[in-house]
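Take a look at the structure below.
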Amino acid sequence: MAFENIRIESEGGVVTLTIDRPKALNALNTATLREVERALAELPADTRALIVTGGGDKAFVAGADIAEMVAMSGTQAREFGALGHRVFATLESLACPTIAAMNGFALGGGLELALACDLVYASEKAKMGLPEVGLGVIPGFGGTQRLTRVVGKMRAKELVFTGERLDAAKAKEIGLVLDVVPADQLMAHCKAVAGKLLKNGPLAIAQAKRAIEYGADADLRAGNVLEQQTFAALFGSEDQREGMKAFLEKRAATFTGR
Ligand code: CAA
């Protein structure tokens, strides 16, 4: 079934998911979140990297849909929050690397979407923040948790309490985005990063992602045990044999992801 609020394009193992609801600056309503959920479930098996971006030239995603939320009951808000959390957790746990191409406003649920990606690159025009307290609520799709883990507790409190919008340069300074590039070069930049990943073993990248993700929330000893097990588990895979043989034979490796 076709999508109404998102677009999916696939080229050479790199899938681009565009949130495309221009009339609401790509705000995430229930229908859009469900479409993202379906798209993630239906990603082609050979997907090696996923780029997430926003349609149009103004917004990445301007947040959760305020018009849909305004009259929600507590029960409805719980369901809406659970849906957002489920979709972003699915995104975060994809085996392939995910890249947010932040092309404009990334506010509330929009910044939370970017925070659920592995790597975030911003255009010079990007503006981001968690303005929810100004609407009488708090971030509801993981912002209080994921932002804190990226920028630290005190900076996260400052951003959430003030609801202040950061420009891309300031966001880079505090480690919220990796690089800032001119707007017309953002997609090319993200595709170039994806291209670098394509050269490497997909199984190894997936396991490295897992070790970093789970290890980041564990104590050092548990994280190091996870790394040792993951390292050993890759031996015997076709990718491990091929990667090491290719090095010894002084040729480029051809990985199959097996
Ligand atoms: N939800 C619903 N509609 C939205 C929206 C949102 N989050 N953001 C923008 N829109 C709509 C506007 O209502 C407007 O619609 P109409 O043309 O029908 O009036 C249209 O998109 C264009 O927006 P503006 O006219 O406001 O555009 P602007 O250039 O003047 O301002 C903006 C752009 C600064 C991004 C401004 O739209 C804005 O502040 N948006 C809301 C940002 C926000 O508060 N996000 C957090 C939402 S709460 C949340 O996300 C909770 C959570 O964690 C789960």
(request) May I ask you to list the residues in region 39-80 that are more than 13 Å from the ligand (Cβ to nearest atom), open to solvent by 60 Å² or more (accessible area, probe 1.4 Å) and not in a loop (DSSP other than H, G, I, E, B)? (result) ALA41, THR75
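So that you can scan it fast, the table gives a plain yes or no per residue for (1) under 22 Å from ALA116 (Cβ atoms); (2) open to solvent by 100 Å² or more (accessible area, probe 1.4 Å); (3) β-branched (Val, Ile, Thr); (4) assigned to a loop (DSSP other than H, G, I, E, B):
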residue: PHE141; (1), (2), (3), (4): yes, no, no, yes
residue: THR144; (1), (2), (3), (4): yes, no, yes, no
residue: LYS170; (1), (2), (3), (4): yes, no, no, no
residue: LEU176; (1), (2), (3), (4): yes, no, no, yes
residue: ALA211; (1), (2), (3), (4): yes, no, no, no
residue: GLN228; (1), (2), (3), (4): no, yes, no, no
residue: PHE255; (1), (2), (3), (4): no, no, no, yes
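Quick check on region 108-125. Is at least one of its residues over 16 Å from the mean Cα position of the chain (by Cα) and either buried (at least 23 other Cβ atoms within 10 Å of the Cβ) or more than 29 Å from LYS199 (Cα to Cα) (or both)?
Residues of region 108-125 that are over 16 Å from the mean Cα position of the chain (by Cα), as a first pass: 124-125.
From what is left, the residues that are either buried (at least 23 other Cβ atoms within 10 Å of the Cβ) or more than 29 Å from LYS199 (Cα to Cα) (or both) are 125.
Yes - at least one qualifying residue is present in region 108-125.
Open to solvent by 90 Å² or more (accessible area, probe 1.4 Å) and at positive phi, is that true of LYS250? Give the derivation first.
On the way: open to solvent by 90 Å² or more (accessible area, probe 1.4 Å): yes; at positive phi: yes.
The answer is yes for LYS250.
Tell me yes or no: at least one residue of region 109-116 is more than 10 Å from the ligand (Cβ to nearest atom) and in contact with a Pro (Cβ under 9 Å, 6 or more places away or on another chain).
First pass over region 109-116, keeping only residues more than 10 Å from the ligand (Cβ to nearest atom): 114-116.
Now restrict to residues that are in contact with a Pro (Cβ under 9 Å, 6 or more places away or on another chain): none.
The answer is no, given that none of the residues of region 109-116 is more than 10 Å from the ligand (Cβ to nearest atom) and in contact with a Pro (Cβ under 9 Å, 6 or more places away or on another chain).
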(request) Go through region 147-175 and count every residue that is in contact (Cβ under 8 Å) with a residue 40 or more places away in the chain and either in contact with a His (Cβ under 8 Å, 6 or more places away or on another chain) or over 20 Å from GLU124 (Cα atoms) (or both). (result) 1
(request) Check off (1) within 16 Å of the ligand (Cβ to nearest atom); (2) in contact with a Gly (Cβ under 7 Å, 6 or more places away or on another chain); (3) open to solvent by 60 Å² or more (accessible area, probe 1.4 Å) for GLY84 and give me the number that stays unchecked. (result) (3)
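Is it fair to say ALA95 is farther than 17 Å from ALA114 by Cβ, open to solvent by less than 70 Å² (accessible area, probe 1.4 Å) and away from the ligand (no atom under 16 Å from the Cβ)?
On the way: farther than 17 Å from ALA114 by Cβ: yes; open to solvent by less than 70 Å² (accessible area, probe 1.4 Å): yes; away from the ligand (no atom under 16 Å from the Cβ): yes.
Spelling it out, ALA95 is indeed farther than 17 Å from ALA114 by Cβ, open to solvent by less than 70 Å² (accessible area, probe 1.4 Å) and away from the ligand (no atom under 16 Å from the Cβ).
Which one of CYS117, CYS96 is among the hydrophobic types (A, V, I, L, M, F, W, C), assigned to a loop (DSSP other than H, G, I, E, B) and closer than 18 Å to ALA168 by Cα? Show your work before the answer.
Numbers: CYS96 fails: closer than 18 Å to ALA168 by Cα.
So the residue among CYS117, CYS96 that is among the hydrophobic types (A, V, I, L, M, F, W, C), assigned to a loop (DSSP other than H, G, I, E, B) and closer than 18 Å to ALA168 by Cα is CYS117.
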(message) Exactly one of these conditions fails for VAL180: (1) under 23 Å from LEU130 (Cα atoms); (2) surrounded by fewer than 17 Cβ atoms within 10 Å (Cβ to Cβ); (3) of a type in the set (Val, Ile, Thr). Give me its number.
(response) (2)
(request) Tell me, please, whether a residue that is open to solvent by 70 Å² or more (accessible area, probe 1.4 Å), part of a helix (DSSP H, G or I) and within 11 Å of the ligand (Cβ to nearest atom) can be found in region 150-160. (result) no
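The values are calculated or read from the model by the stated rules, or taken from the named source; none is laboratory data. As the structure is a prediction and not an experimental result, all values here were calculated from the model. Positions of Cβ are backbone-derived with ideal geometry, glycine not excepted, and every protein chain shown enters the neighbour counts. We work out accessible area using only protein heavy atoms, side chains counted, and drop any ligands, DNA or RNA first. Shrake-Rupley method; radii C 1.70, N 1.55, O 1.52, S 1.80 Å.
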